[in-house]
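Below is one structure, written out as structure tokens, with a few remarks after it.
The values are calculated or read from the model by the stated rules, or taken from the named source; none is laboratory data. No experiment lies behind these values; they were computed from the predicted model shown. Methodologically, a virtual Cβ is constructed for each residue, glycine included, from the backbone with ideal geometry; neighbour enumeration extends over all protein chains shown.
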Amino acid sequence: MSLTILYINIILAIMKISGRIYNYFGTLILLVLLMGIIGANTLSAQKKIYIITDLEGVSGVFKFKQTREKDTPLNIQACEYFMDDLSAVIRGLKDGGATEILVIDGHGNQCVIPHMMESGVKYVTGVPRPSVMWGLDDSYAGMVQFGAHAMMGTQDGVLHHTQSSRSENRYWYNGVESGELAQCALVAGFYDVPTILVTGDEATCREAEQFFGKECVTVAVKEGIAREAALLYPFEETRQALYEGARRAMEQLAQCKPYKIDTPIQGKLQYLDLKSDTEKPLLVTKEAVFEDALSIYKF
């Protein structure tokens, strides 16, 4: 018996005992109570999850040749790893109570393989798109950052970078250096959506805890030795850990808080000018003020 039906029966029993079952005001009270109960149950039952994906933090991925050059044998294989890891996360989210899941293909040259998609989930792929985090709004209960990587300069971060690994971009917001984890979380935080799960290497998980706290569940699928060297974990183990982590993230969803910083945001960007004619690329610094988190990708 559902909670709604149980509540109806209880209310009807009380009203019969009081002799008001046919009373106009009693009926009106019943309707109001039922509307409240049904509305509350519907609201609590809706657990929409937004997944923003990347490739560098997936099981078995540890060199740029797997991520930069689209449709090479190495890249195709890496995208298959991506889809299998992602499926484990999706199954965990569903079993944990997710009612709707939207997957955003966030890697630059895209990773989604259509014939490997999980049923009952919507996937967004292809570029360009109107916005980096298309479709995100305050109807989502939580966000997952899947296959993520550590920010530029993290020595033990596998394939570490922020936005561009070639020009070695580095970003600061209100004086705090921030990678892609913080960037995505800031946009989600604008809509009051918390980051509930981060998957990647050990360094990425450490960075996630630094920015989002221990309430955010993290799952490490490898450990960095250098930028293109890693201690890999067996796929059977990582996918089980991804499933369990996703399910646990749903259980802890209410404890996670949106990531926000003070506005206006003081932004700074440093990058190497690869188009310069100098023997060594020039280090360029830019600064800007952003009125809100939605503006940070305009840098």
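Worth a mention:
- When residues in segment 186-208 are screened for being closer than 20 Å to Leu159 by Cβ and outside any strand (DSSP E or B), 7 of them pass.
- Restricting segment 140-198 to residues that are polar (S, T, N, Q) and more than 20 Å from the chain's Cα centre (by Cα), the residue that is farthest from Arg247 (Cα to Cα): Ser167
- Residues in segment 245-294 that are among the small types (Gly, Ala, Ser) and within 30 Å of Lys48 (Cα to Cα): Gly245, Ala246, Ala249, Ala254, Ala293.
- Of all residues in segment 184-224 being buried (at least 24 other Cβ atoms within 10 Å of the Cβ) and polar (S, T, N, Q), the one that is farthest from Ile296 (Cα to Cα): Thr199
- Top-ranked residue in segment 103-139 [being charged (D, E, K, R) and assigned to a loop (DSSP other than H, G, I, E, B); ranked as modelled with the lowest pLDDT]: Arg129
- Residues in segment 153-166 that are surrounded by fewer than 18 Cβ atoms within 10 Å (Cβ to Cβ) and among the small types (Gly, Ala, Ser) were compared, and the one that is farthest from Gln183 (Cα to Cα) is Gly153.
- Residue list for segment 167-183, filter: of a type in the set (A, V, I, L, M) and surrounded by 21 or more Cβ atoms within 10 Å (Cβ to Cβ): Leu181, Ala182
- Pick from segment 253-290, criterion part of a loop (DSSP other than H, G, I, E, B) and under 23 Å from the mean Cα position of the chain (by Cα), ranking: surrounded by the most Cβ atoms within 10 Å (Cβ to Cβ): Tyr259
- Matching residues, segment 228-238, being surrounded by fewer than 20 Cβ atoms within 10 Å (Cβ to Cβ) and not in a strand (DSSP E or B): Glu228, Tyr233, Pro234, Phe235, Glu236, Glu237
- Candidates in segment 140-152 are the residues that are in a loop (DSSP other than H, G, I, E, B) and among the hydrophobic types (A, V, I, L, M, F, W, C); of these, the one that is surrounded by the most Cβ atoms within 10 Å (Cβ to Cβ) is Ala150.
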